[in-house]
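The values are calculated or read from the model by the stated rules, or taken from the named source; none is laboratory data. Computed from a predicted model, the values in this text were never measured in an experiment. Positions of Cβ are generated from backbone atoms using ideal geometry, with glycine treated the same way; all protein chains shown enter the neighbour counts.
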Amino acid sequence: MLKEFAVDPALLADWKDCRYLIEKFGFHHGRVISTFPNKWTKRVINAALQHSDGIQNKKRVEELLAAPLTNSYEKAKKRMIPNERVYPDSEPDNWLESAEAAHAAKPFQAIIAKKNFRSHPEVIEFDSLNEEHPLFDCPHECFMPRDPDGFKKIAGPLLKWAREKIIFVDPILGNHPQNPRWRASLEAMLGCVSPAPPLELRYCTSIEDASDPGILNIIANLQDNLSGSIPQGLRIEVVILETNLNLDTHNRYILTERGGIKFPWGLDTGWPRARDTVNLMAVETHKEKLAEYSEPGKFGYNVVASFTLTGTATP
């Protein structure tokens with residue numbers, strides 16, 4: 001669902017072309033730009049400065065990117081991801097050739113360039129770029145096998161590229177704390193999370209009745225069932241909410257600061273050959289849900305209990 005593209009920095013030198021391109025990217029579109037090479041943004045800004053409008057053009061390009069070079073990176077983090085590929089020192093000025101070499105080692109979805117000089121099958125020429133291009137089309141909804149590999153394939157890129165916050169939301173887990181079906185999928189997904197940044201990790205679930213005297217047993221069972229699934233170096237806060245029909249304590253999500261995915265059936269593995277129809281969340285829907293589950297008490301949810309688990313599983 002989430003596709004990574006290499007985009008020639010020179011294509012964004014003119015602010016009108018920059019606007020045309022940048023509006024087609026974002027986690028809600030299913031397309032993100034790899035900042036290949038690591039100084040990709042700087043290359044864009046330098047190219048913009050060489051434009052006939054000079055300073056004014058550069059300012060407009062910076063505003064469109066909301067680049068890390070400015071005070072705001074909100075738009076940038078929704079559209080761009082860190083480069084994870086080597087940029088060959090032998091061809092520092094030949095971006096397209098270097099992108100093709102990097103693609104051979106670790107494929108992008110496609111490479112977007114002004115011209116496809118070597119007729120590369122995964123290079124899209126800028127003049128032929130459109131939403132229907134087979135390499136550029138990114139469905140917002142797809143079928144997913146409800147097994148660990150399915151969760152890893154669909155949620156893995158979103159989890160891997162998160163740098164600030166990841167919130168898993170599955171209200172049903174609290175009602176079935178001993179069921180092992182959540183463990184296999186959680187292990188697969190947490191294996192995609194980078195332990196390097198100081199991520200805020202949270203798992204929100206719910207129970208029917210906050211006054212249930214068995215809440216301590218539910219907590220103990222959740223701790224036993226989930227603790228061994230967390231890799232070393234990660235800490236995850238488990239938040240138990242009271243089911244509230246006036247609020248959203250039914251739908252299942254994975255939310256990060258960059259975007260979100262909705263899972264109608266759940267975050268647990270299903271029966272053999274079971275599958276779910278999952279979809280990328282729209283910008284406003286994601287923004288609202290991320291705020292709610294970041295501070296559930298502030299939005300009217302009754303927080304019954306919370307506890308933190310520290311990872312012990314060996315990656």
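Where strands (runs of 3 or more DSSP E) sit wholly within the range 135-240, none has at least 3 residues that are buried (at least 18 other Cβ atoms within 10 Å of the Cβ), touching a residue at least 40 places away in the same chain (Cβ under 8 Å) and not assigned by TED's automatic domain parsing to the domain that holds residue 261. Does any residue of the range 86-109 turn out to be in a helix (DSSP H, G or I), over 12 Å from residue 7 (Cα atoms), hydrophobic (A, V, I, L, M, F, W, C) and at pLDDT below 90? The answer is no, given that none of the residues of the range 86-109 is in a helix (DSSP H, G or I), over 12 Å from residue 7 (Cα atoms), hydrophobic (A, V, I, L, M, F, W, C) and at pLDDT below 90. Set side by side, the residues 285, 249 differ, and just one is touching a strand residue (DSSP E or B) at 6+ places or on another chain (Cβ under 9 Å), modelled with pLDDT of 90 or more and assigned by TED's automatic domain parsing to the domain that holds residue 167, which is 285. Only residues that are of a type outside the set (Asp, Glu) and in a loop (DSSP other than H, G, I, E, B) were counted in the range 1-28, giving 7.
Being of a type outside the set (S, T, N, Q) and over 28 Å from residue 271 (Cβ atoms) holds for only one residue in 147, 170, 224, 209, and it is 209. For residue 268, the test of being charged (D, E, K, R) and either closer than 25 Å to residue 26 by Cα or in a strand (DSSP E or B) (or both) is failed.
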